[in-house]
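Since every read-out is calculated from the coordinates, none of them should be taken as a lab result. Only a predicted model underlies this, so the values are computations on that prediction, with no experimental measurement involved. Neighbour counts are summed over all protein chains in view; Cβ atoms, including those assigned to glycine, are modelled from backbone coordinates with ideal geometry.
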């Protein structure tokens, strides 16, 4: 095996996480600038989604290739999800986070009497997702799903405590999963493989939906909390993010500096994660980013809310280097790996 190939057979998820954390703590995030036109490509997929026409798909794929190879982030418009649907979801998220803390604590994440970890309410000042030594200035509600995880496996408040919340979130999660699957042929064509290349790997995608509240009120900030969400890279295939106001900052490789992401009406911000980066043999970028709420409202009277949807292949699907991303002069840098293995999960758990 070439020395540049990581030995995934001896992969240590904890060591990988520690390495990413250590690297992130060395990043200087002190001087972000506003994005300039073209810094973060805006890609309209409406023509392709309406017709599934090969020519329309190829045209979008060219733009996607540029975005993923040079920026790692892009703004998705023309996705077909109605503005009313998005607004309804944000109202549900705001209503949940407006509940008294003692109510939200009923579904606190990783409580000992709930069998599924990583789902439920994550309180303000939490130090996980991403795990950091300093608290993240956000609170969140998280659920996940795949072949083996149903809605019933997640934590939910009683209907009387949060009227309509569960049905709204369940419906929206299904809408986002459907959108993610419809984007896969574009990614395949962008990488020079058949449009259905990813279909086998996403028969039962593993996804995580996070509903995040970033308060602006400085009284909510602890003495050791610096970021709404600390600088990190996603470990996903890709992430679809809705935000109701500015607050996301990414590292621009072309500009070699941190750039504030603008709010584009009715757009998803999309970024590649570590697993897509590895699956493409580092062809597609996985870009560092962080979030704060201080740009959400200039007079400091509003909070920021965001809804990221983290998308991965089926948890036990082996992700082997994509054929078009390797050749004799560019051998695979990573061994074949599943999502479970990348997270340190024992097969069959």
Report task. Can you grab the distance from the C-alpha centre of the stretch 227-286 to the C-alpha centre of the stretch 30-59, Å, no decimals? Result -> 14
Report summary line: Fewest-first ordering of 168, 150 by Cβ atoms within 10 Å yields 150, 168
Query raised in the report: Angle, helix 83-97 long axis vs. longest principal axis of the chain, Cα atoms, 0 to 90°, nearest 10?
Result: 50
Requested in this report: Could you state the angle between the C-alpha long axis of helix 13-24 and the longest principal axis of the C-alpha atoms of the chain, as a value from 0 to 90 degrees rounded to the nearest 10?
Outcome: 80
Report summary line: Most exposed first, judged by fewest Cβ atoms within 10 angstrom, 147, 127, 83 run 83, 147, 127
Report summary line: CD proxy, 222 nm, the chain: helix-only mean residue ellipticity via -39,500 (n - 2.57) per DSSP H run with n ≥ 4, per residue, nearest 500, stands at -8000 deg cm²/dmol
Query - Helix 165-190 vs. the chain, principal-axis angle (Cα, 0 to 90°, nearest 10) - result: 20
Query raised in the report: Gaussian network model of the chain, Cα springs within a sub-10 Å range: biggest mean-square fluctuation belongs to which of 314, 249, 326?
Result: 326
Report task. Under a 10 Å cutoff between Cα atoms, tell me which one of 303, 30, 272 has the largest fluctuation in the Gaussian network model of the chain. Result -> 30
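May I ask you to order 85-97, 46-58 by the average number of other C-beta atoms within 10 Å around their residues, highest value first?
85-97, 46-58
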Query - Residues 104, 128, 134, sorted so that the one with the fewest Cβ neighbours within 10 Å comes first - result: 128, 134, 104
